[in-house]
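The block underneath contains the structure these notes are about, expressed in structure tokens.
The values are calculated or read from the model by the stated rules, or taken from the named source; none is laboratory data. Bear in mind the structure is a predicted one, so any value in this text is a computation, not a measurement. As a convention, Cβ positions derive from the backbone with ideal geometry for all residues, glycine included, and neighbour counts pool all protein chains shown.
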Amino acid sequence: MKKAYLLLTVLSAALLISCSNIQVEIPSSGSVQEQEAPKDNSETDNENSENDENDNIQEGKSEDPTSLIDLSLNPNELGEMMILMYHGIGDTESDWQRTPENFRKDLEYMYENKYQMISLNDYAKGEIKTKAGYTPIILTFDDGRQNNFNYIEENGQLVIDPDCAVGILEEFKNKYSDFDVTASFFLGTNPFGQKEYVNEKINFLVDNGYDIGNHTYSHEKLEMLGSDDIQAEIGSVNNIINTYVPDYKIETLALPHGSNPKDEYLDYMLEGSYEGKEYKNIAVLDVGWRPAYSPFDTMNDFKSLYRVTASEIKVDNCGMYDYFKQFEAGSRERFISDGNSNVVTIPKRHEEYLNKEMTGEKIINIY
Ligand SMILES: [Zn+2]
């Protein structure tokens, strides 16, 4: 069984090599990171429900949650999932831009094929709240372009442009009440253009369940910079965003050009301070070109997370629909949730890849 998994890994490595424009480094396998053990959210529904008539509190409380997992759905919480890399949403489709129609097509596809959006922050903390039988998927937007979040005037009122990324995401939120719509926006200076509305936009995102990540101040390759500059590049963006949303914690970083700092400065990518304020990143995103590992997989490296280009052109078999197809065909194993974020259910054949530092106090359910 291990061989089968290794073969998969080798095949995916081969696939990776067949992609052009490779900018990712294959992370050293088994580099287990020190992660904070996920907090135990073990409040159950039973504890929350105040039932006047039924004092039989013990009932259900001692019930083994693993007995409620539906194994016929083939849950596999060591399968892969995609962290999609979007940039612009606009009239012409290009390498770094998706049309509104195509973005709607992507979302429709996800909805029809049992993908549910989760936040990158939840992924990085191993808090997967996806419904049983569904596969999590993460949407990321780099560069903070105006077409990600644009306000327009309509009949004298300010409204969200229905064809910008946020407009389309909100459309789907309203269209499908059972679709967990969210995305992470990676911002630098001048987020989303329209300087006069920055405060409104940032607050809208935070209030409506979206996440904000850091894409550095000047979008320079971090490999060119020393420790002071790296800290300024990262820390200044957090400080700017926090002037609009003081309590919001920015914990994720998308590397401009997928460029890592030199080895000796790598720590500053994760932790540092600028103008007296500290920052800490729990997830760092690369540029491409394959699905990410499960957060519970020892192969995963939160310092260098793979993304998949959300495009159908010039992606040489490494675009989002190529991987959707592979997931559908079963030639790649997708993460299939067991429906309980406090239980990690995995097929026996993957047992040795389970990262117990990440699962922490969660219940492990192997079948
Ligand atoms: Zn960028």
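Is it the case that T140 is buried (at least 22 other Cβ atoms within 10 Å of the Cβ) and within 16 Å of the ligand (Cβ to nearest atom)? Yes: the conditions hold for T140.
Identification of strands (runs of 3 or more DSSP E) wholly contained in segment 91-174 with 2 or more residues that are within 21 Å of N203 (Cβ to Cβ) yields 135-142, 151-154, 157-160. Within segment 293-331, take every residue that is touching a Lys or Arg at 6+ places or on another chain (Cβ under 8 Å) and among the hydroxyl-bearing types (S, T, Y) and give me the one that is nearest to T359 (Cα to Cα). Checking each candidate, the answer is Y306. The single condition among (1) modelled with pLDDT of 95 or more; (2) surrounded by fewer than 21 Cβ atoms within 10 Å (Cβ to Cβ) that E312 does not meet is (1). Going by the conditions given, is T189 modelled with pLDDT under 95 and of a type outside the set (D, E, K, R)? The answer is yes for T189.
Within segment 213-231, the set of residues being surrounded by 19 or more Cβ atoms within 10 Å (Cβ to Cβ) and more than 15 Å from the ligand (Cβ to nearest atom) comprises L225, I230, Q231. Inside segment 241-275, residues that are surrounded by fewer than 19 Cβ atoms within 10 Å (Cβ to Cβ) and more than 16 Å from the ligand (Cβ to nearest atom) make up a count of 17.
Selection of segment 99-133 for residues being farther than 24 Å from P162 by Cβ, among the aliphatic types (A, V, I, L, M) and in contact with a helix residue (DSSP H, G or I) (Cβ under 8 Å, 6 or more places away or on another chain) yields I128, A132. Residue count for segment 289-308 under the criterion of being touching a Gly at 6+ places or on another chain (Cβ under 8 Å) and surrounded by 23 or more Cβ atoms within 10 Å (Cβ to Cβ): the result is 6. Close Cβ contacts (under 8 Å, 6 or more residues apart or on different chains) running from residues in segment 75-94 that are under 22 Å from L305 (Cβ atoms) to residues that are within 15 Å of the ligand (Cβ to nearest atom) and among the acidic types (D, E) comprise M85/D142; Y86/D142; H87/D142; H87/D143; G88/D143.
Could you grab me the full set of residues in segment 239-281 that are among the aliphatic types (A, V, I, L, M) and either within 21 Å of V206 (Cβ to Cβ) or part of a strand (DSSP E or B) (or both)? Those that are among the aliphatic types (A, V, I, L, M) and either within 21 Å of V206 (Cβ to Cβ) or part of a strand (DSSP E or B) (or both): I240, I241, V245, I250, L253, A254.
In segment 178-212, how many residues are within 16 Å of the ligand (Cβ to nearest atom), outside any loop (DSSP other than H, G, I, E, B) and surrounded by fewer than 22 Cβ atoms within 10 Å (Cβ to Cβ)? Total satisfying the criteria: 0. Looking only at residues in segment 111-134 that are more than 12 Å from the chain's Cα centre (by Cα) and in contact (Cβ under 8 Å) with a residue 40 or more places away in the chain, the one that is surrounded by the most Cβ atoms within 10 Å (Cβ to Cβ) is T130.
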